[in-house]
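Read the structure below first, then the notes.
The values are calculated or read from the model by the stated rules, or taken from the named source; none is laboratory data. Source: prediction; values computed, not measured. Neighbour counts run over all protein chains shown; Cβ positions are idealised from the backbone, glycine included. Accessible surface is based on the protein model in full, side chains and every heavy atom, while ligands, DNA and RNA are left aside. Shrake-Rupley method; radii C 1.70, N 1.55, O 1.52, S 1.80 Å.
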Amino acid sequence: MADEAGQQGGGKLWGGRFSAPTDALVEAYTASIAFDRRLYREDIAGSIAHARMLAKQGIIEDADRDAIVDGLRAIETEIEAGSFEFRDDREDIHLNIEAALAERIGEPARRLHTARSRNDQVATDLRMFVRAACDEAAARLRALRGALIDLAEREVETVVPGYTHLQRAQPVLLAHHLLAYEEMFARDAERLRQARGRANVLPLGSGALAGVGYPIDRDFVARELGFEAVSANSLDAVSDRDFVVDFHAAAALAMTHLSRLSEEIVLWASAEFGLVSLDDAFSTGSSIMPQKRNPDVAELARGKSARVIGNLVQALTLLKGQPLAYNRDLQEDKEPLFDTVDTLLDSLAVVAAMLPSLRFDAERGRAAAVANFALATDLADQLVRSGVPFREAHEVIGALVARCEQEGRTFDDLTPEEFAEAHPVFAEQPPALGLEAALAARSATGGTAPDAVARQREAARSRLAAEESE
């Protein structure tokens, strides 16, 4: 009777209620197998754990469990070998696998879906996928952070201008600049660990929305699949996609940080800045201008941040209008998530590979670091250390800069008498205009002095090593 009903409903595993097949347009519109086939490992692992639990609880026979487990493993082998036939008329990865299992082992396969729904099944698959994505993204972030720390160590003596408002402000060590990004990416790794923790809750056992009417052991399934907890509310469990938003949000911010770093590389590689040169392996040429070397990797990393940010907005918008519990809208959570995962992982990998190839012009960086009156703050600080109120010192040095600009001169062009005219302190203390002194003065924790940066670098390396050993 069930077989007959299934045929009446177009051969669907849910077809007993229906007397006519699905319209072809609806078939194509609702099918998700083209993209959710990516969840086959998670789906098979979840089904194996579920079958083992059913047998443990006496809900199915051990022989049925064994047939189900062996059949699922054989299907997984076929999928990985590329010989499994995915069928659009079977809608999604869940029904494709279950139908293929029924063809392979017969009646025992029809018992597998006892005490579960596709609603809690897909939520479980997706949580397992996000959990693994968090782990892989964190690993690639560690590789990127390691590349930044190594580059900071290699360029330990290189000085560049620090900017505010994209105007030269004060000299900084290049290592200090690079380690600023390591701090950003360390926070991204922390956010991914937090997102993983919130994803690591088992929804299986929630049924369609109200729980299941069988004596199941959800804790057993959680242990089998590596979940730290089971969901507390069945309505929330099947409709929750907060963990997807969590991943999108962490990825969007990581890509934003990657975009900022990429923008620096694009700027520094320009003739106007001239602070870094790109390796041939990580740049391209022009089809018409033979002299060009374009920073395409950095530009694409910057550009791809837009799609990840867009995917975050899509996930939030998808959820905002849905009442409890499960709605078919949630089919639309997967393609953007897969895109975000792929984009983030690829971008982290290519930028980490590019960083060691960068070649910095230390001489140009040093010259630019003291140009445009970048040591003005140090002159004001010199006055302050002699007892002059900071606001007065700021005004004095600001007026001196204005005079130099009007006369087309720099601080180096001023005579001792002209400095003394600006403020009497300079009559007793020659103006301190040394680059090394300016850097060394900023030795407080977080500053750009060589000793402070060395401490920061070692702290970053220790933190990274601790994460890698977890």
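When Lys and Arg each count +1 and Asp and Glu each count -1, what net charge do the other residues less than 15 Å away from Ala138, Cβ to Cβ, add up to? Each step should come with its number before you reach the end.
Details: positive: Arg131, Arg140, Arg142, Arg145, Arg187, Arg191, Arg193, Arg196, Arg198, Arg463; negative: Asp135, Glu136, Glu182, Asp188, Glu190, Asp246, Glu467, Glu468, Glu470.
Around Ala138, the surrounding residues sum to +1.
Other residues within the sphere of radius under 15 Å centred on the Cβ of Ser287, judged by their own Cβ, net out at +1 (K and R +1, D and E -1).
Neighbours of Ser259, meaning other residues whose beta-carbon lies under 11 angstrom from its beta-carbon, give a summed charge of 0 when Lys and Arg score +1 and Asp and Glu score -1. In this simple spin-label approximation, Thr377 and Tyr29 carry label points 7 Å from Cα along the Cα→Cβ vector, and these lie 6.0 nm apart. Maximal additional length on extending the Glu470-Arg154 stretch stands at 111.0 nm, based on 0.36 nm per residue less the C-alpha distance.
Residues whose amide H lies under 5 Å from that of Val172, counting only those 5 or more places away or on a different chain, are Val160, Gly162; hydrogens are built 1.01 Å from N in the peptide plane. Its residue count N fixes a reference of 2.2 N^0.38 Å for the range 380-470, and the Cα radius of gyration divided by that reference is 1.56.
For the chain, the longest principal axis of the C-alpha atoms and the axis of helix 40-56 are separated by about 50°.
In loop segments of the range 62-101 as defined by DSSP, the GluC sites (Glu not before Pro) with at most 16 further C-beta atoms inside 10 Å of their C-beta are Glu85. Report ³J(HN,Hα) in whole Hz for each residue of the range 227-237, in order, from the Karplus equation J = 6.51 cos²θ - 1.76 cosθ + 1.60 where θ = phi - 60°; Gly and Pro get x. With coefficients 6.51, -1.76 and 1.60, one gets 7, 7, 7, 10, 5, 8, 9, 5, 4, 5, 4 Hz. Annotation note: chymotrypsin sites (Phe, Trp or Tyr not before Pro) in the range 404-470 located in DSSP loop regions with a Cβ neighbour count of at most 15 within 10 Å are absent. Lys-Lys pairs in the chain that are eight or more residues apart or on separate chains and whose Cα atoms lie under 28 Å of each other come to 5. In loop segments of the range 212-313 as defined by DSSP, the GluC sites (Glu not before Pro) with at most 16 further C-beta atoms inside 10 Å of their C-beta are Glu228, Glu272. Modelled label positions at Glu224 and Arg87, each set 7 Å beyond Cα in the direction of Cβ, lie 2.6 nm from each other.
Between the alpha-carbon centres of the range 73-96 and the range 126-187 there is a gap of 41 Å. In order along the range 98-112, the phi-based Karplus estimate (6.51 cos²θ - 1.76 cosθ + 1.60, θ = phi - 60°) of 3J(HN,Hα) comes to 5, 5, 5, 5, 5, 5, 7, 10, x, 3, x, 4, 6, 8, 4 Hz; Gly and Pro are listed as x. Against the chain, whose longest principal axis is taken from its Cα atoms, helix 118-154 shows a tilt of about 20°.
Give me the dipole magnitude in Debye, nearest 20, for the range 289-377 about the Cα centre, with unit charges on the beta carbon: positive for Lys and Arg, negative for Asp and Glu. Before the final figure, lay out the partial values.
On the way: 11 positive and 11 negative charges, 78 e Å.
The calculation lands at about 380 debye.
Using the Karplus relation 6.51 cos²θ - 1.76 cosθ + 1.60 with θ = phi - 60°, the per-residue 3J(HN,Hα) values for the range 61-67 come to 6, 4, 5, 5, 4, 4, 5 Hz, with x marking Gly and Pro. For the range 314-470, the alpha-carbon radius of gyration amounts to 1.77 times the rule-of-thumb value 2.2 N^0.38 Å expected for a compact globular protein. The alpha-carbon atoms of the range 306-388 define a convex hull whose volume equals 222 cubic angstrom per residue.
Restricting the calculation to Cα atoms, the range 20-90 yields a radius of gyration followed by a Dmax of 15.2, 43 Å.
Rounded to the nearest 20 debye, the dipole magnitude of the range 194-319 is 200 debye, with +1 charges on Lys and Arg beta carbons, -1 on Asp and Glu beta carbons, and the Cα centre as origin. How large is the Rg to Rh ratio of the range 68-187 when both quantities use alpha carbon positions and Rh follows Kirkwood? We get a ratio of 1.34 for the range 68-187.
State, as an integer percentage, the relative contact order of the chain based on alpha-carbon contacts under 8 Å between residues 6 or more apart.
It comes to 16 percent, rounded to a whole number.
Extension gain, Arg403 to Arg187: 0.36 nm times the residue separation minus the Cα-Cα distance gives 73.3 nm. Taking only the Cα atoms of the range 48-127, the radius of gyration and Dmax are 12.4, 35 Å.
Each 10 Å bin, from zero up to the one with the longest distance, holds this percent of the alpha carbon pairs of the range 117-264: 11, 31, 22, 16, 11, 7, 2.
Within the accessible area of the range 54-116, the carbon and sulfur atoms contribute 38%, probe 1.4 Å, all protein chains present. Taking the charge dipole of the chain about its Cα centre, with +1 at Lys and Arg Cβ atoms and -1 at Asp and Glu Cβ atoms, the residue from Leu379, Ala466, Asn200 reaching farthest to the positive side is Asn200. Entry note, the chain: the mean residue ellipticity at 222 nm calculated from DSSP H runs of n ≥ 4, each adding -39500 (n - 2.57), is -20000 deg cm²/dmol after division by the residues and rounding to the nearest 500. Working from Cα pairs under 8 Å separated by at least six residues, relative contact order for the range 25-143 is 37 percent.
For the chain, the longest principal axis of the C-alpha atoms and the axis of helix 376-385 are separated by about 70°.
The residues of the chain present an accessible area of 48 Å² per residue when probed at 1.4 Å with all protein chains retained. For the range 138-239, the relative contact order comes to 22 percent (Cα pairs under 8 Å, sequence separation of at least 6). Taking every Cα-Cα distance in the chain and sorting them into 10 Å bins starting at zero, the pair-distance distribution P(r) comes out as 4, 16, 21, 18, 14, 11, 8, 5, 3, 1, 0 percent. Between the range 412-427 and the range 317-373, what is the separation of their alpha carbon centroids in Å? Centre-to-centre (Cα) distance: 50 Å.
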